[in-house]
Amino acid sequence: MTAPGGEALRIALIAPPWYPVPPRGYGGTELIVDLLRRGLTARGHDVTVFGAEGSAPGVVPVAPASWSGDLGHGHASWDRHFTYVSRVQRLMRDLTFDVIHDHTRPPGLLLWTARGRPGRPGERVVSTQHEPMTEPRETTLLEVRDAVRFVAVSHAQAATMTRLGAVDVVHNAVDLDALRVGEQPGDYLLTLARITPTKGQHLAIEVARRAGMPLVLAGKVDSTPQGRDYFDSAVRPHLGHGVEYLPSVTGVEKRELIAGAAAGLFPLQWDEPFGLAVLECMASGVPVVCTPRGATVELVRPGVNGVLATDVPGLCDGIAPALALDRVACARDARARFGPQRMALEYERVYRAAGRPARDPSAAMAASAG
C-alpha cells in the first residue's frame, strides 16, 4: 500500500522502557506511541515499535516488565534506560529505516545519531520531547541538534526550547475509541492526575468544597518522597468528607468515571507541557475548569469546552459556566482537533521534512490559530 502524500516510509518508534505499548494504566507516552503506530500503519507505513515486555503483538519486547519499578529511582532509573537503548541499538544493527522516531530520554539520541554511518546515510532521526525542558536536558540535546529534528508537544513547550532553534510542534492525540461521550452529567467534579503538588489536588479539594460538589481524585500517588508526603498531609485528611480517592482507574471504569463527571477540575500549579487527562475529559463531552498554565491555553477553548481561571476564587466562579456548556459540542470540538489520524498525518509531514530546517514556532502558532 502506498501512503497518502508519497512513498511509504519504514519507521522505527522507540517507546520508553517502563510500561507496555499500549499501557494498561499509567503511561501517557506509551499511549501516544501506540496511537501513532496505529495511525501510521493505517496510512500505509511500515512501522516497527520497540518497547517493554507485555506490549501488543508486533511490538519488539526489549525491557523486562520488572524494570518499571525502577522508574524515578535515581541511578537505577538511568542505568535501566542506558541498558534499554543499548539493547534497542543492537537489535537495530542489521535493520534499515527511513525514520527513527525517539520517545525516550536524551541518551537514546546519542545512539540513534551514531547510526548515521556508511550504509545508512538516508536515515532521519526525529525526537519528541514529552517532558518539561530543563537547562541540563537542553544542553544535552544541543550536542545532537545537527542530526536530529526535534518535536515539542505544545507551543508552550516549544517556547522553552529556544536554544535548540526552531522545532516542530505536534499536539498529542487522545484514544477516542477508549472514551464515550457522556451527554448527561453526573453530580461530581473529577481531577484525573498523578497525586503531586504540581497537579494541585489540594486546590481541587478547596474548590469543590466551596462549590458544594463532591470531588473524585483519580491517579496514583507520585512515587517520590515529596509525592507521598503531599498525599499524607494535603489529601488523605480530607478523604471521606465529600472527597473520594481512586488510586488506579483503567479501561471501562476510567471511561465511565470520566463520562459521568459534571466537569473536570485541573488547578495546575506548573507549566505542564501537555495534558492528556484534560483532553480525555473534553473528548468525553466533559467541560474542564483549569488554570491557564503551560499547554492548557492551547487545548481549552473557553466557552466551548471549558473555563480558564488563575486562582481559587476564579476556579470556583468558573464551575457554573462550565456546567452550562453543551457537552456534545465540547466533545465534537476536542475529537476533531485531537484525533489519532490528525497526529499521524502531522508526524508524517515532520518525517518527510526531516533534514530541512523546522518552521519557526511563532509562525507555526500563527498558522494553527488561523
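A few points about this structure:
- Our coupling estimate for the stretch 292-306, obtained by passing each phi through the Karplus curve with A = 6.51, B = -1.76, C = 1.60 and θ = phi - 60°, is x, 10, x, 7, 4, 5, 8, 7, 8, 9, x, x, 10, 9, x Hz, Gly and Pro reported as x.
- Between 0 and 90°, nearest 10: helix 327-337 axis offset from the chain longest Cα axis: 10
- Full extension of the chain between Glu7 and Ala324 gives 109.4 nm of extra length, using 0.36 nm per residue less the Cα-Cα distance.
- Per-residue 3J(HN,Hα) values for the stretch 232-244, derived from phi via the Karplus relation 6.51 cos²θ - 1.76 cosθ + 1.60 with θ = phi - 60°, read 5, 9, 10, 10, 3, x, 9, 5, x, 10, x, 10, 10 Hz in sequence order (x marks Gly and Pro).
- Across the stretch 194-227, the residues whose backbone nitrogen lies under 18 Å from the label position 7 Å along the beta-carbon direction of Trp270 are 194-204, 218-227.
- Cβ-derived FRET efficiency at R0 56 Å, Asp333 paired with Leu142, nearest 0.05: 0.90
- 3J(HN,Hα) from dihedral phi, the stretch 132-144, Karplus parametrisation 6.51/-1.76/1.60, rounded to Hz, x for glycine, proline: x, 8, 10, 4, x, 5, 5, 5, 5, 5, 4, 5, 10
- Helix 340-353 axis, angle to the chain major axis (alpha carbon atoms, nearest 10°): 30
- Against the main long axis of the alpha-carbon atoms of the chain, helix 201-211 sits at an angle near 30°.
- Proximity of backbone amide H atoms, modeled 1.01 Å from N, is registered between Val307 and Val288, Val289, Cys290 at under 5 Å, excluding neighbours fewer than 5 places apart on the same chain.
- In the context of the full set of protein chains, the chain has a per residue accessible area of 42 Å² (1.4 Å probe).
- Portion, in percent, of the accessible area of the stretch 284-335 that falls on carbon or sulfur, probe 1.4 Å: 57
- Take the Cβ atoms of Ser223 and Val304, set R0 to 45 Å, and the FRET efficiency comes out at 0.80.
- Label selected from (i) 22.6, 74; (ii) 20.6, 67; (iii) 25.1, 87, the criterion being Rg and Dmax of the Cα atoms in Å as computed here: (ii)
- Förster radius 51 Å - calculated FRET efficiency between Glu256 and Arg87 (Cβ-Cβ, nearest 0.05): 0.85
The values are calculated or read from the model by the stated rules, or taken from the named source; none is laboratory data. All values derive from a computational prediction rather than experimental measurement. When we count neighbours, we look across all protein chains shown, and the Cβ atoms used for this are built from the backbone with ideal geometry, even at glycine. What goes into the accessible areas is simple: the full protein's heavy atoms, side chains included, and nothing from ligands, DNA or RNA. Shrake-Rupley method; radii C 1.70, N 1.55, O 1.52, S 1.80 Å.
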